[in-house]
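Remarks on the structure that follows.
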Amino acid sequence: MRAIGADRLFACYRRCGDSRTATDHSGNRITHRIRLTRDHYARVDDAGYSIDPRIIGRFVDVSVCPTTMVARCDNQIVAPHDR
């Protein structure tokens, strides 16, 4: 069975012991904090997901599972996307 990109990333974070990574046991959800750059895209695997440009320069929590990507800033959803 071949792993999808999110599963490979999840396995990598588990090996590294990154404390900023969280999972839910039902769907291999990965959460990581990034600082949003000037191009206002969060990159996951080979895809770029746009985030509101007003958030540039701030920290964003990006949650990824095999079907969705959600970005939050100050606990508010700023970019919900289907994968």
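Here are a few things to note about the model shown:
- Taking first residues from region 38-51 that are among the polar types (S, T, N, Q) and partners that are exposed (fewer than 13 other Cβ atoms within 10 Å of the Cβ) and assigned to a loop (DSSP other than H, G, I, E, B), no Cβ contact under 6 Å between residues at least 6 apart in sequence or on separate chains turns up.
- Taking the listed residues Ala47, Ala3, the one that is modelled with pLDDT under 90, surrounded by fewer than 17 Cβ atoms within 10 Å (Cβ to Cβ) and under 14 Å from the mean Cα position of the chain (by Cα) is Ala47, with no other qualifying.
- Listing of strands (runs of 3 or more DSSP E) fully contained in region 28-83 that carry 1 or more residues being of a type in the set (Phe, Trp, Tyr): 41-44, 47-50, 59-64
- Number of the condition not met by Thr31 [criteria: (1) within 10 Å of the chain's Cα centre (by Cα); (2) modelled with pLDDT under 90; (3) under 17 Å from Asp82 (Cβ atoms)]: (3)
The values are calculated or read from the model by the stated rules, or taken from the named source; none is laboratory data. On a predicted model such as this, the values are computed, not experimentally measured, just so you know. Neighbour counts are summed over all protein chains in view; Cβ atoms, including those assigned to glycine, are modelled from backbone coordinates with ideal geometry.
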